[in-house]
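Presented below is the structure to which this report refers.
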Amino acid sequence: GENVEQHPSTLSVQEGDSAVIKCTYSDSASNYFPWYKQELGKRPQLIIDIRSNVGEKKDQRIAVTLNKTAKHFSLHITETQPEDSAVYFCAASKVSGGYNKLIFGAGTRLAVHP
Amino acid sequence: ETGVTQTPRHLVMGMTNKKSLKCEQHLGHNAMYWYKQSAKKPLELMFVYNFKEQTENNSVPSRFSPECPNSSHLFLHLHTLQPEDSALYLCASSQDLGASGRNEQFFGPGTRLTVL
């Protein structure tokens with residue numbers, strides 16, 4: 001069945017360093033790849049997304065890259081800050097029929113140390 | 001506040017109880033979703049409703065019964081649950097914005113369910 005693998009499961013960095021989280025997906029028909037951030041005790045919130053017709057997208061300190069051939073995509077956070085500490089989830093989906101069937105990765109717990 | 005609310009926020013129930021979770025979205029979205037979030041596991045999609053019609057059921061046991069009376073309200077009826085059903089149940093909604101749209105799913109705060 002459809003599957004999304006996410007690595008690493010935990011990531012610890014020093015403030016100011018970069019963090020990279022990688023995901024691979026199994027369904028080649030997937031065309032939409034969002035990233036969600038979930039702070040402790042809070043709901044997941046979308047931070048960036050990319051569609052299959054784009055290879056890279058950037059929004060300030062965060063960027064996402066997509067390699068359709070290899071079926072993997074990555075989240076890059078530069079100049080990390082303590083408030084970036086959270087669990088990050090990647091997801092893959094096929095947007096069709098007016099809704100998203102998101103298949104999530106298991107999450108990466110990022111800790112940014114001052 | 002994202003516009004998606006869930007009640008109750010916490011629920012403790014016995015295995016023979018019947019209870020319901022409620023989700024309401026004030027965003028005018030067409031699609032609503034139920035997810036289960038367990039510790040150290042991916043968010044699991046349970047059900048999808050699009051314009052009140054159920055479009056996805058991810059092999060969820062029949063002890064979970066969804067109901068969507070209109071595009072703004074979504075319920076999850078629970079009966080004879082098992083301890084392994086203890087988890088955070090998240091509701092989400094989204095709006096179809098076409099091929100160029102963001103299709104962002106907005107999540108509610110969740111209901112923390114404990115089955116004794």
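The values are calculated or read from the model by the stated rules, or taken from the named source; none is laboratory data. Note that this is a predicted model, so its numbers are computed, not measured. Virtual Cβ from ideal backbone geometry, glycine too; neighbours counted across all protein chains shown. Accessible surface areas use protein heavy atoms only, side chains included; no ligands, DNA or RNA. Shrake-Rupley method; radii C 1.70, N 1.55, O 1.52, S 1.80 Å.
If packing is taken as the mean number of other Cβ atoms within 10 Å per residue, what is the order of A:31-38, B:41-48, B:78-85, A:107-114, highest first?
Details: A:31-38: 21.9, B:41-48: 20.2, B:78-85: 14.8, A:107-114: 16.8.
Ranking, from highest mean packing down: A:31-38, B:41-48, A:107-114, B:78-85.
Give me the accessible area per residue for the protein assembly as shown, probe 1.4 Å, as a whole number in Å².
47 Å²
Counting only protein heavy atoms, probe 1.4 Å: which residues of the range B:14-54 lose 20 Å² or more of accessible surface in the full assembly compared with their chain by itself?
B:33, B:35, B:37, B:42, B:43, B:45, B:50
Which log10 I(q)/I(0) values, to two decimals, does the range B:1-85 give at q = 0.10, 0.25 Å⁻¹ under the Debye formula with one point per Cα?
With one equal scatterer per Cα and no solvent, log10 I(q)/I(0) is -0.25, -1.42.
Once B and A are treated as a pair rather than alone, how much accessible area drops out, both sides summed, in Å² to 100, probe 1.4 Å? The partial results should precede the final answer.
Values: alone 6390 and 6570 Å², together 10860 Å².
The B and A chains share an interface burying roughly 2100 Å².
Heavy atoms only, probe 1.4 Å: what % of the accessible area of chain B goes to carbon and sulfur, would you let me know?
Details: 2770 of 5400 Å².
The computed percentage sits at 51.
Taking Cα centroids, how far is the range A:41-58 from the range B:9-30 in Å?
28 Å
So what's the protein assembly as shown giving for Cα Rg divided by 2.2 N^0.38 Å, two decimals? Before the final figure, lay out each step's value.
Details: Rg = 17.6 Å, N = 230, 2.2 N^0.38 = 17.4 Å.
Here the Cα radius of gyration is 1.01 times the empirical estimate.
Just counting partner chain Cβ atoms within 10 Å, what average do the residues of peptide B:56-66 show around their Cβ?
Working: counts 3, 0, 3, 1, 0, 0, 0, 0, 0, 0, 0.
Per-residue shielding by partner chains comes out at 1.
What does a probe at residue A:9 reach in the range B:70-91, counting residues whose amide N is under 20 Å from the point 7 Å along Cα→Cβ?
Answer for this model: B:84-88.
Using Cβ-Cβ distances only, list the Cys residues of chain B with no partner cysteine under 4.7 Å, sorted by number.
B:68
Please compute the Kirkwood hydrodynamic radius of the range A:1-93 from all pairs of different C-alpha atoms, in Å with one decimal.
The Cα-based Kirkwood calculation yields 13.6 Å.
Taking each residue in A:49-59, count the Cβ atoms of any other chain within 10 Å of its Cβ, then average. What number comes out? Walk me through the intermediate numbers first.
Details: counts 3, 0, 5, 0, 1, 0, 0, 0, 0, 0, 0.
Mean partner-chain Cβ count within 10 Å for A:49-59: 1.
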